[in-house]
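The values are calculated or read from the model by the stated rules, or taken from the named source; none is laboratory data. For clarity, every value in this text was computed on a predicted model and none was experimentally measured. Counting neighbours? That spans all protein chains shown, and the Cβs are built from the backbone with ideal geometry, glycine included.
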Amino acid sequence: MTRNNHPMGQPTPLVEMEHATVRFGTTLALDDVALRLYPGEVHSLMGENGAGKSTLIKALTGALRLDAGTLTIDGTAMRFATPYDAQRHGISAVYQEINLLPNLSVAENIRLGREHRSHGLISPRRMEREAAVVLSELGLSVDPHSPLGSHPVAVQQLVAIARAISTDVRVLVLDEPTSSLDSDEVAELFRVIRDLKERGVAILFISHFLDQVYEISDRITVLRDGALVGEYLPTDLLRIELMQKMLGHDAPELLSRPRPASAAVPAEPYLKGRGVTSSLGICDADVDLAEGEVLGVAGLLGSGRTALARALTGIDALDRGELSIDGRPVRFASPRAAMKHRVAYSSENRRTEGIVGDLSVLDNITLALQAQRGVFRKIPPARQRELAASWAEALRIRPSDLDRPVRTLSGGNQQKVMLARLLALSPRVLVLDEPTRGIDVGAKVEVQNLVADLATNGLSVVFISAELEEVLRVSDRVAVLRDERVVDTLESATLTVDAVLALVASPETTEEGE
Amino acid sequence: MTAIIKHRLFWPASALVVLITVNMLANASFARITVRDGHLYGALIDILRQSAPLMLVALGMTLVIATRGIDLSVGAIMAVSGAVALTIIDGSEDPGGFGTIMIAILVALLVSLVLGAWNGFLVSVLGIQPIIATLVLMLAGRGTALLITSGEITTVVSAPFKQIASGYLVILPVAFFIWVAAVVVVGVVERRTALGMLTEAVGINPEASRLAGVRSRGIIWTAYIASGVLAGVAGIIYSSNTMAADANSAGYLIELYAILAVVLGGTSLMGGKFSIAGTVIGVLIVQTLESTILFLGVAPAKSPVFFALVVIFVVLVQSPRVHRWGRSVFGSSRTSSAPDEDAEKKEVAA
């Protein structure tokens, strides 16, 4: 166990966990882990899904009790019974899945449970004033009176952070706070994080974006399989070393392209879209997708990435434009109709539009196929199990117990279940919207390699991601979107991230509408 | 042993057993079953017979609740169905004729189906909140039943029709066979076709289901139609029992008892996973409790309070939170709670 001495020479840690151990039945979720947080530092907690990050956070924030080990705050041993207990001691957490109330206003969400009362009554105006102060500190121009649900996920995320900040926070846990933010918003968030750091807040930062981890962290703690790998300074640790420590083995595949750039794209596209327009945010998009091709889609949040995907797959109706498959014109009135033509879509919102949480892994995998067959032609139970088991095996879904509710799986495995559901339809075209969002590096590489394998076997894939590196790695060509239009479509073999960024960001650097 | 306790029906079934035991201890004759003219009689047999209307209504309610909905109109549909059937029999030349009764039943069920379809239309096509959509018919339905009976309590004499509620088939009541048949039909349709799984999917996550290509509109519609038809059958049994079309009291408050039975049976009002067997047990709990009140001779003025107290007790006994609380008070340390995602052995990509 290598542990560096703390560099800054601050004498006492704000938070110190020693020998932290948590058991679930016979499984050791956390095994003798140590964590130290100093005031005014950003500390990244790294590890694959299942490494014990969530368990550690839960133990720190009072959502879970340690079976062994100690938690010391400011030199005093603590045992938090509830998250509320932890909050009173200045420890707050913002989770990846936003736990706020969409029907209530922004102000109510920020102040909820801590409203100022006079004579037992809440003053909405005072609440909105207080919320406005917090929001302006965050540099967010949001009407505190507006319902939270009316804002994009990115804004909701920042509101969740505003809520945490509005308590007298000393330790702020940010669990994947950037997974739904675009680069401007990330910059904004980082400004806020640095500001909090100035104020002496200790920040525990969890993200699967290595760039961000390296940009913001003062120190990095790595966990693997519930155990501590070590605590490092980002300056001492190369990225590839960090990945190896997280994965526990050399990871050459992290660097290579999953498959060679296809020699030549066939002349006649399999799926062709001309002037695809939907009122939900895509305008006059031309799309050509050849058999066995991966078409990456790059663009900022709101550039029309998701709108394009939904327009291609029958989820949103087309206002204008045509689609054709193999030269024959098609019209998709519903996702169901698109699936009949073996065009399938997986949503970026895994929890709300993807998995059916309470149903088993098995039911989730067979759902789309069963829906296609209709109510009466039930897939025989034995066949269902065979089918689900073979996909679970092929995609390495863990745990392999098919009868577990899918919500108990990790994000990466839920994503694989989503893929399995679509693959069970034997699709010809897969449209994957952020298939690697919020999942760890290992699972991400698996999903990327899977996409490459599928394409090699003749499947056509539209691959949408906010991460340009990933888009370039997986795709044969990249369609760049800006302001709800396709700006250009380029061969990705010759592309660099910077070149795509330039296209994505600024209208001046490219000739438009040629 | 723990497998039995963990079974979702363990607590509802225990509640039912306790309820029956208490009755037997209070009065041994509760469990007595006698044979007369080749028919079984006794308090337990009465429960099986009398639970028929609630059972049918609760069965439909289970399906509707599974879609995240609720059907408040079932009592009113019962009233309409009974009014239609009895009015037809009353107006016919031959009130005891087999043909007359068949027509009465068929028309009543057809009307119920239309009413259920109306509910389904409001909810699945127009997207009206289920509680409001079915409230419309809850209020209007009784009005319609009053119009059909011209505001009077139509009494009819038709010996064969009376057999539906009071008669025996071989040794057990006809009404019992009717609800058993309904349970079997619904159970088979839900589990032997994909309807059950798709209904749960729609109830748990409607948008994800739509994106997966599920025809959620049709599935929700089907649930309300089934609820309507089953309420219609309940209405026929009820009117056969009273032989009077009473638009005001037929199925009065039965929607609430049905919801209670569904919840007692372990189906969540949040929709999704449902249990037909659970609902059957839930209905038997409610019906046994009704009988208990009679059997223990609880004064009518006290019976609603008694009923409520027992229901609170049964609900508490089933509550997972109370179980946790009980465990922490009575010693045993933290039991292995459901392992979260971090607890799973993660296989590192080789």
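Structure notes:
- Selection count, segment A:486-503, where residues are closer than 19 Å to A:ALA307 by Cα and surrounded by fewer than 20 Cβ atoms within 10 Å (Cβ to Cβ): 2
- Test set (1) more than 30 Å from A:GLU48 (Cα to Cα); (2) polar (S, T, N, Q); (3) away from chain B (no Cβ under 13 Å) - A:SER390 fails condition number: (1)
- Residue that is nearest to the chain's Cα centre (by Cα) [pool: residues in segment B:212-235 that are hydroxyl-bearing (Ser, Thr, Tyr) and away from every other protein chain (no Cβ under 14 Å)]: B:SER227
- Residue that is nearest to A:ARG398 (Cα to Cα), among those in segment A:364-384 that are without any contact (Cβ under 8 Å) to a residue 24 or more places away in the chain, buried (at least 17 other Cβ atoms within 10 Å of the Cβ) and not polar (S, T, N, Q): A:ILE379
- Residue match in segment A:354-369 (condition: in a loop (DSSP other than H, G, I, E, B) and under 21 Å from A:ALA309 (Cβ atoms)): yes
- Residues being closer than 17 Å to A:SER44 by Cα and not in a helix (DSSP H, G or I) - total across segment A:170-207: 18
- Every residue from segment A:7-58 that is surrounded by fewer than 19 Cβ atoms within 10 Å (Cβ to Cβ), at pLDDT below 80 and within 24 Å of A:GLN244 (Cβ to Cβ): A:PRO7
- Odd one out for A:ILE315 among (1) aliphatic (A, V, I, L, M); (2) facing chain B (nearest Cβ under 8 Å); (3) closer than 23 Å to A:ARG477 by Cα: (3)
- Helices (runs of 4 or more DSSP H) (entirely within segment B:1-87) containing at least 3 residues that are among the hydrophobic types (A, V, I, L, M, F, W, C) and within 20 Å of B:SER275 (Cβ to Cβ): B:2-6, B:10-26, B:52-66
- Residue pairs whose Cβ atoms lie under 9 Å apart, separated by 6 or more positions or on different chains, with the first residue in segment B:1-21 and under 15 Å from B:VAL311 (Cβ atoms) and without any contact (Cβ under 8 Å) to a residue 24 or more places away in the chain and the second assigned to a helix (DSSP H, G or I) and of a type in the set (A, V, I, L, M), are B:VAL18/B:VAL314; B:VAL18/B:VAL317.
- Scanning segment A:27-48 for residues that are in a loop (DSSP other than H, G, I, E, B) and within 8 Å of chain B (Cβ to nearest Cβ) returns a single hit, A:GLU48.
- Residue count for segment A:144-169, restricted to those that are surrounded by fewer than 22 Cβ atoms within 10 Å (Cβ to Cβ), in contact with an Asp or Glu (Cβ under 9 Å, 6 or more places away or on another chain) and in a loop (DSSP other than H, G, I, E, B): 2
- In segment B:273-316, of all residues being surrounded by fewer than 22 Cβ atoms within 10 Å (Cβ to Cβ) and within 14 Å of chain A (Cβ to nearest Cβ), the one that is nearest to B:GLY60 (Cα to Cα) corresponds to B:SER275.
- Qualifying residue in segment B:46-59 (condition: surrounded by fewer than 19 Cβ atoms within 10 Å (Cβ to Cβ), touching a residue at least 60 places away in the same chain (Cβ under 8 Å) and within 24 Å of the chain's Cα centre (by Cα)): yes
- Considered as a group, the residues in segment A:67-111 that are in contact with a Ser or Thr (Cβ under 8 Å, 6 or more places away or on another chain) and part of a strand (DSSP E or B) include one that is nearest to A:LEU35 (Cα to Cα), and that residue is A:GLY69.
- The sole residue among A:ALA59, A:ALA51, A:ALA81, A:ALA63 that is in contact with a Lys or Arg (Cβ under 9 Å, 6 or more places away or on another chain), more than 24 Å from A:GLY248 (Cβ to Cβ) and within 14 Å of chain B (Cβ to nearest Cβ) is A:ALA81.
- Whenever a residue of segment A:135-163 is more than 15 Å from A:ASN99 (Cβ to Cβ), its partners that are in a loop (DSSP other than H, G, I, E, B) and polar (S, T, N, Q), lying with C-beta atoms within less than 6 angstrom and at least six residues away or across chains, give the pairs A:ALA154/A:SER180.
- Residue match in segment B:177-193 (condition: of a type in the set (Ser, Thr, Tyr) and in a helix (DSSP H, G or I)): no
- Residues within segment A:357-387 that are within 7 Å of chain B (Cβ to nearest Cβ) and charged (D, E, K, R), tallied: 3
- Look at segment B:251-278: where a residue is of a type in the set (Asp, Glu) and a partner is buried (at least 20 other Cβ atoms within 10 Å of the Cβ) and assigned to a loop (DSSP other than H, G, I, E, B), sitting 6+ places away or on another chain with Cβ atoms under 9 Å, you get B:GLU255/B:ILE70; B:GLU255/B:ASP71; B:GLU255/B:LEU72; B:GLU255/B:SER73.
Residues checked against (1) out of contact with any strand residue (DSSP E or B) (no Cβ under 6 Å at 6 or more places or on another chain); (2) within 14 Å of chain A (Cβ to nearest Cβ):
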position: B:THR154; (1), (2): no, no
position: B:ALA159; (1), (2): yes, no
position: B:LYS162; (1), (2): yes, no
position: B:SER166; (1), (2): yes, no
position: B:VAL170; (1), (2): yes, no
position: B:PRO173; (1), (2): yes, no
position: B:GLU190; (1), (2): yes, yes
position: B:VAL202; (1), (2): yes, yes
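- Listed conditions (1) surrounded by fewer than 24 Cβ atoms within 10 Å (Cβ to Cβ); (2) assigned to a loop (DSSP other than H, G, I, E, B); (3) of a type outside the set (A, V, I, L, M, F, W, C) are all met by A:ARG407, apart from (2).
- Residue that is farthest from the other protein chains (Cβ to nearest Cβ), among those in segment A:243-289 that are modelled with pLDDT of 85 or more and over 17 Å from A:VAL486 (Cα atoms): A:PRO269
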